[in-house]
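Read through the structure below, which is laid out as structure tokens, and then see the notes.
The values are calculated or read from the model by the stated rules, or taken from the named source; none is laboratory data. Small disclaimer: the values here were computed from a predicted structure and weren't measured. Positions of Cβ are generated from backbone atoms using ideal geometry, with glycine treated the same way; all protein chains shown enter the neighbour counts.
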Amino acid sequence: MDRDAELVAAVRAANPAAVAKALADGADPDSAASRFTVTVLSEAASTGRLEIAQLLVNAGASLRARRPQYQSPLRSAVSNGHLDVVRLLVDRGALKAEGTDRGSLLATAIAATRHRPQAAALEVLRYLLELGAEAAPGEESPIVQAVLGSAAPATIRMLLGHGADPSSRRSDGTPALILAARRGDHAAVDVLLTAGADPNAVDGYGHTALMHAIERNERAVSTALLLAGADHAGALEIAQGWQRQNVQFQLGEMSVGLDDVPITRTAVRLHPTGYELRGDPAEFRRWGQLIACAAEELGDDEWETRTGTPYALAQTVAYRFVDDPAKSPTASWHRIELTRAELATVRQAFVELAYAVRATLPDGLGQEYVHDALDELNAQLP
């Protein structure tokens, strides 16, 4: 084995003594396993091998990326949350050697808190912010990057704590608050509002975050905005135009209906006509028992009056949950396909059992189970 190959093997074996020996024997500190791989310093940086990284840097290893498409040693350490290695490389001048063709180091650190969420990733982000790291020319502001990347609230708070503007706007003028509202990210919305973002800022459509949240039926977001004092102007009309009845009640309406109100829409919403449910046969059987229980408790006429769905359909769906689930050919779960009307029947049965009728539930099933099942179903419905 030649000296360079010995160095590569020693780095991959995480053996500092072998690395020191290979370097002393004349191995190239910029060695790589092949011309298609990164240097040994980048490998050491990506795995957090501080002692090995020190040996390589002391031996004169390059701080630059081997090729433009590869990560530099510093970026590798940032991406993987290795603060000690980041500090070492920065102390040795890696910031001056770092290019921006792959975006800023700050952008890499922000992304790392999502892709490799760990406390160390936040510490690397904090360190770079304390060094004065900024977005590269042409990049969106840090807050916008974080919101668009679905960063955790801790990341957004870190950026705000180091001077980022909660009222930042994307390059097209859209406020970060509206970007978060459109994506249904109520946690980001809350963090930005707490930091002072204007709840009534508008985008190029003249729409506020509240209007966008209502359009997309993001009720947790609209609630956060209303609690922060968001202006109702235009919101009720949007809610009526999309027939968002729950929001209409939030906005103070005492009675609502299926309004036919023309509005200018900024969203296109999918309207599924069928669903595939996935689970285990035992769980499907419990759902079937609950549907049958609700239907039997109410009876033919009262079921149809209260739910607006046919009694015969409820009976059919109850049987289907017991008899129809089939194992997926490519996974361990079972599945059953329902029409939109059938799924509505399931939900109506759960609503009746949770809030209206006081039926004797099947053995082993209590009110807590009914409420939990209804909550999970509601969370998944568009």
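In the stretch 9-26, the qualifying residues are those that are buried (at least 22 other Cβ atoms within 10 Å of the Cβ) and touching a helix residue (DSSP H, G or I) at 6+ places or on another chain (Cβ under 6 Å), and the one that is farthest from PRO73 (Cα to Cα) is ALA22.
Look at (1) surrounded by 15 or more Cβ atoms within 10 Å (Cβ to Cβ); (2) at pLDDT 90 or above and you find that LEU361 fails only one, number (2). Take the conditions (1) without any contact (Cβ under 8 Å) to a residue 40 or more places away in the chain; (2) surrounded by fewer than 19 Cβ atoms within 10 Å (Cβ to Cβ); (3) in contact with a helix residue (DSSP H, G or I) (Cβ under 7 Å, 6 or more places away or on another chain); (4) not assigned by TED's automatic domain parsing to the domain that holds GLN248; ILE156 misses just one of them, which is (2). Candidates ASP165, ASP198: the one that is acidic (Asp, Glu), part of a loop (DSSP other than H, G, I, E, B) and under 22 Å from ARG126 (Cβ atoms) is ASP165.
Quick check on the stretch 322-343: of everything there that is in a helix (DSSP H, G or I) and touching a Leu at 6+ places or on another chain (Cβ under 9 Å), which residue is farthest from ARG286 (Cα to Cα)?
ALA341
Checked against the criterion of being in contact with a strand residue (DSSP E or B) (Cβ under 8 Å, 6 or more places away or on another chain) and among the aromatic types (Phe, Trp, Tyr), the candidates TYR275, TYR205 yield just one match: TYR275.
Of note, ALA349 satisfies the criterion of being assigned by TED's automatic domain parsing to the domain that holds ALA282, under 27 Å from GLU218 (Cβ atoms) and out of contact with any Gly (no Cβ under 9 Å at 6 or more places or on another chain). Every condition in (1) in contact (Cβ under 8 Å) with a residue 60 or more places away in the chain; (2) in the same structural domain as GLU215 (by TED's automatic domain parsing) holds for LEU290 except the one numbered (2). Here ALA53 clears all of (1) surrounded by fewer than 19 Cβ atoms within 10 Å (Cβ to Cβ); (2) of a type in the set (Gly, Ala, Ser); (3) within 21 Å of ALA13 (Cα to Cα) except the condition numbered (1). Checking each residue in the stretch 229-266 for being surrounded by 14 or more Cβ atoms within 10 Å (Cβ to Cβ) and either on the phi > 0 side of the Ramachandran plot or under 23 Å from the mean Cα position of the chain (by Cα) (or both) picks out GLY234, GLN243, THR266. The set of residues from the stretch 116-139 being under 23 Å from GLY99 (Cβ atoms) and either in contact with a strand residue (DSSP E or B) (Cβ under 9 Å, 6 or more places away or on another chain) or among the aliphatic types (A, V, I, L, M) (or both) comprises ALA121, VAL124, LEU125, LEU128, LEU129, LEU131, ALA133, ALA135, ALA136. Selection of the stretch 11-22 for residues being part of a helix (DSSP H, G or I), without any contact (Cβ under 8 Å) to a residue 24 or more places away in the chain and of a type in the set (A, V, I, L, M) yields ALA17, ALA18, ALA22.
Of the listed requirements (1) within 29 Å of LEU148 (Cβ to Cβ); (2) touching a residue at least 40 places away in the same chain (Cβ under 8 Å); (3) under 31 Å from the mean Cα position of the chain (by Cα), GLY99 misses just one: (2). Of the residues making up the stretch 30-49, one or more are over 30 Å from VAL147 (Cβ atoms), assigned to a loop (DSSP other than H, G, I, E, B), in contact with a Gly (Cβ under 9 Å, 6 or more places away or on another chain) and in contact (Cβ under 8 Å) with a residue 12 or more places away in the chain. Scanning the stretch 249-271 for residues that are in contact with a Leu (Cβ under 9 Å, 6 or more places away or on another chain) and over 25 Å from THR194 (Cα atoms) gives a single hit, GLU253.
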